Amino acid sequence: EFDVLIVGGGPAGAAAAVYAARKGIRTGVLAERFGGQVLDTMSIENYISVVETNGPAFATALEQHVKTYDVDIMNLHRAQGIRREGKQIVVDVDGGAQLKAKSVILATGARWRELNVPGEQDYRNRGVAYCPHCDGPLFKGKDVAVVGGGNSGVEAAIDLAGLVKHVTLIEFGDALRADQVLQNKLRSLPNVTIIMQAQTTEVLGDGTKVVGLNYLDRATQQAKSLKLDGVFVQIGLVPNTEWLKGSDVALSRHGEIEVDVRGATSLAGVFAAGDVTTVPYKQIVIAAGEGAKAALSAFDYLIRSSAE
Ligand code: FAD
């Protein structure tokens, strides 16, 4: 039985593991893919105190840091369910195994929703980007498109307009879905064009990088093309919580785990951190901070519950 079982091995899970292990309590990490989204990242330039690194190097550093402590890492395993049985929390693992713990930290992260059009995968990190906070500065002085007219797409377009030469916002529907104040701000910017009723059909590249995008004008059914240096896909971030549906861990209407300021979920003894939660701004430094916080909260919970 673990004192703390962490589900997820990204920045949030790794930080939680280091903080828990340093309390001298029995700590385990169950991860489908240790490293998490960072493994898919090229350059990281906004983790404070690290001027520049790349995703795989950062993921290796996370694992090395965790391994300096006595942490039981169970990599390449997937959690499938969670429930409370008396004082214990039981996590079902693929293959039929069960892990038992006094407290659990959920840090299963999220994934960007993809366009699923030709060219998107081929030019990922070579012009196709998902995170304006991360990759925006790479497109300084260039022409980019943002696909998606919800809050995240419009925020990304506003953000990028201050960095790049020109932004084309592409929305599938016949209206933007972002808050009116964001729409007003977007429309006030001189270097932004908005195209509505446009279905992205292909990301174009020259073999090494993005050179444009094809779309279908849904009003006229005409195929059209844009010349671009980058395409930011902003059609949603999907939290990895499918496996929690039907459990006692409450999710928001977007499927994110609801947490309080201490990282506690609705299920006693279960905490959560990082991109999988309702905490805004999905970034490594934030996930790591939240992971540390969840571990300290779990430790506090253990001290109090063992005194009962
Ligand atoms: P994740 O990194 O998503 O980790 C989740 C972990 O949970 C993984 O180990 C996963 O395998 C595991 N998992 C999921 N489901 C299960 C399950 N059922 N059972 C067991 N394990 C499970 N942020 C920045 O700050 N700077 C950047 O430059 C930057 N660039 C990015 C570039 C790209 C292409 C992407 C995709 C993201 C980028 N981000 C960047 C965002 C950053 O990667 C995330 O905010 C951060 O990784 C979130 O950490 P996390 O630990 O919450 O989740």
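Taking 0.890 mPa s as the viscosity and 25 °C as the temperature, the Stokes-Einstein diffusion coefficient of the chain based on its alpha-carbon Kirkwood radius rounds to 119 µm²/s.
Each 10 Å bin from zero holds the following percent of Cα-Cα pairs in region 18-136: 11, 33, 32, 19, 5, 0. Beta bridges from DSSP with both residues in the chain: antiparallel share about 50 percent, rounded to the nearest 5. In units of the rule-of-thumb radius 2.2 N^0.38 Å, region 178-257 shows an alpha carbon radius of gyration of 1.55.
A DSSP coil position with no more than 15 other Cβ atoms inside 10 Å describes the following GluC sites (Glu not before Pro) in region 231-306: 258. Counted by neighbouring Cβ atoms within 10 Å, the residues 60, 208 run from fewest to most as 208, 60. When region 191-301 is described by a simple charge dipole with +1 on each Lys and Arg Cβ and -1 on each Asp and Glu Cβ, the residue from 288, 234, 195 located farthest towards its positive end is 195. Computed 3J(HN,Hα) for region 88-95, one whole-Hz value per residue from the Karplus formula 6.51 cos²θ - 1.76 cosθ + 1.60 where θ = phi - 60°, is 9, 10, 10, 10, 7, 10, 4, x, glycine and proline marked x. Near the amide H of residue 237, within less than 5 Å, lie the amide hydrogens of 113, all on another chain or at least 5 residues away, with H placed in the peptide plane. Every Cα-Cα pair of region 141-199 was included, and the share exceeding 18 Å stands at 20 percent.
Within 14 Å, Cβ to Cβ, of residue 80, how many net charges do the neighbouring residues add up to if Lys/Arg are +1 and Asp/Glu are -1?
-1
Using 28 Å as the Cα-Cα cut-off, could you pick out the over-long pairs in 87/245; 209/245; 224/282; 227/282? Violating the 28 Å Cα-Cα cut-off are 209/245; 224/282; 227/282.
Read-outs throughout are calculated quantities, based only on the coordinates presented, and are distinct from any laboratory measurement. Not measured: the values here are computed from a predicted model. Please note: Cβ atoms are built from the backbone with ideal geometry, for glycine as well, and neighbour counts cover all protein chains shown.
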